[in-house]
Amino acid sequence: MGKFKKKTKTSENIPTSALPDIIFMLLFFFMVTTVLREQDILVEQKLPQATQLQKLEKKTLISYLFVGKPKKPALYGTEPRVQANDVLINTKDIILWVNQEKDKLSEAERDQITISMKADRDVKMGPISDIQFELREADARKLLYASTGKVQN
Amino acid sequence: MARSKSRMSQEVNAGSMADIAFLLLIFFLVTTTIASDKGIQNLLPPKQDPNVPPPDIKLNERNIFNILVNANDQFFIEGEYVENTELLSEDIKDFILNFGAPDEDAVALFNGLPQSLKARANRDGKSSDHPMSGGAVVSIKTNRGTSYETYLEVLDQVKRAYFEIYAERVGLTSEQYRALTGKNPAEKALIDKGKEGIPLAISIAEPDKIGGN
């Protein structure tokens, strides 16, 4: 009986004084890992799905190219456009852009540049193959078709 | 007045601290985008020199696995109309590992394969000679009007066939093989062992000018 009495004496509420600390820990984690989007994406981005995904290793070697219908058709029309950095560019300017991106890398890494092409799933192969042709001309042959995962059947 | 002041507790009320932290936490949770650089890798062919004519590589028809996708996203695989790509990767695996007319090196390669892959060798004279360089090529041809999604679906299935072969050779699952980075020598050796003798031969032809812009 004595044992039971002892138990009932213990307070029933959980000490919550450490709760702010835990929350702060989580907060700091997200503050550190968060990357506020530095680019405004001007084209539609619904990435296609695929199963055989591979991750890229060195993030510094990656340059992004966004392809899709412009979000503001009044300004840029309805045909799929290419966005590099913050602006829409013409397909012809891709060589120039690749060379600029290559200049940002060190001498030894220049030929390892990888282009991550984030193309909308509704884009047709015509513009895509034009971009690929320009990338070949610019000698940036490593290409990644950015896509999201899908459960393999 | 002075009395009542002194009666007030000296401690700051920290109970709402958690609420404030929660608000901030939720803000960062919402705004955070954990960047994922995942996708299907592809190596484009080197650029053509206009002064040098493209090398005239003679390949027998039986050594090419033809995949055509038209502007209506319909598949035409090895001369047959196919509804979907469900069986495509299995067909490609059979094609690559056919060993129709292997030379000495290819026989050595065949003997080094695990039993499950050996079983796929149908030795069909109408399919590929051997999986080594110049022996089995998967060709993907699209129209300019083919949708990117469909093209990627096909490429995905072709890659799947290759990765499953590679993974089986080193005794891993396909997922594990794809996750290999080659950062340390052990992983690099595994990657090379999987690929050895069976190069990734995917030919992506220039699209036709039909049905697009």
Subset tally (residues that are in contact (Cβ under 8 Å) with a residue 24 or more places away in the chain, at the interface with another protein chain (Cβ under 8 Å from one of its Cβ atoms) and surrounded by fewer than 21 Cβ atoms within 10 Å (Cβ to Cβ)) for region A:117-136: 3
How many of the residues in region A:80-93 are within 19 Å of residue A:40 (Cα to Cα) and not in a strand (DSSP E or B)? 4
Could you run through region B:169-213 and say how many residues are assigned to a loop (DSSP other than H, G, I, E, B) and β-branched (Val, Ile, Thr)? 4
Can you tell me which residues in region B:147-197 are under 22 Å from residue B:66 (Cα atoms), more than 10 Å from chain A (Cβ to nearest Cβ) and hydroxyl-bearing (Ser, Thr, Tyr)? B:166
Answer yes or no as to whether residue A:47 is aliphatic (A, V, I, L, M), part of a loop (DSSP other than H, G, I, E, B) and buried (at least 17 other Cβ atoms within 10 Å of the Cβ). yes
Only one of these conditions is not met by residue B:144: (1) within 27 Å of residue A:47 (Cβ to Cβ); (2) more than 8 Å from chain A (Cβ to nearest Cβ); (3) more than 13 Å from the chain's Cα centre (by Cα). Which number is it? (2)
Would you check which residues across region B:191-213 are modelled with pLDDT of 80 or more and at positive phi and list them? B:197
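Okay, residues lined up against (1) within 12 Å of chain B (Cβ to nearest Cβ); (2) under 30 Å from residue B:167 (Cβ atoms); (3) more than 22 Å from the chain's Cα centre (by Cα):
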{"site": "A:15", "(1), (2), (3)": "no, no, yes"}
{"site": "A:26", "(1), (2), (3)": "yes, no, yes"}
{"site": "A:41", "(1), (2), (3)": "yes, no, no"}
{"site": "A:47", "(1), (2), (3)": "yes, yes, no"}
{"site": "A:62", "(1), (2), (3)": "yes, yes, no"}
{"site": "A:71", "(1), (2), (3)": "no, no, no"}
{"site": "A:75", "(1), (2), (3)": "no, no, yes"}
{"site": "A:84", "(1), (2), (3)": "no, no, no"}
{"site": "A:92", "(1), (2), (3)": "no, no, yes"}
What tally of residues in region B:95-153 results from selecting those that are touching an Asp or Glu at 6+ places or on another chain (Cβ under 7 Å) and exposed (fewer than 14 other Cβ atoms within 10 Å of the Cβ)? 2
Would you mind stating whether residue B:147 is touching a Ser or Thr at 6+ places or on another chain (Cβ under 9 Å) and hydroxyl-bearing (Ser, Thr, Tyr)? no
Strands (runs of 3 or more DSSP E) lying entirely in region B:32-123 (those with 1 or more residues that are away from chain A (no Cβ under 13 Å) and aromatic (Phe, Trp, Tyr)): B:64-69, B:75-77, B:80-82
Could we say that residue B:140 is in a helix (DSSP H, G or I) and either polar (S, T, N, Q) or in contact with a Leu (Cβ under 7 Å, 6 or more places away or on another chain) (or both) here? no
Region B:58-102, residues that are among the β-branched types (Val, Ile, Thr) and in contact (Cβ under 8 Å) with a residue 12 or more places away in the chain: B:64, B:67, B:69, B:77, B:85, B:92, B:96
Which number in (1) closer than 20 Å to residue B:148 by Cβ; (2) within 8 Å of chain B (Cβ to nearest Cβ) marks the one condition that residue A:139 misses? (1)
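The values are calculated or read from the model by the stated rules, or taken from the named source; none is laboratory data. Small disclaimer: the values here were computed from a predicted structure and weren't measured. Reconstructed Cβ throughout: ideal geometry from the backbone, glycine too, with neighbour counts over all protein chains shown.
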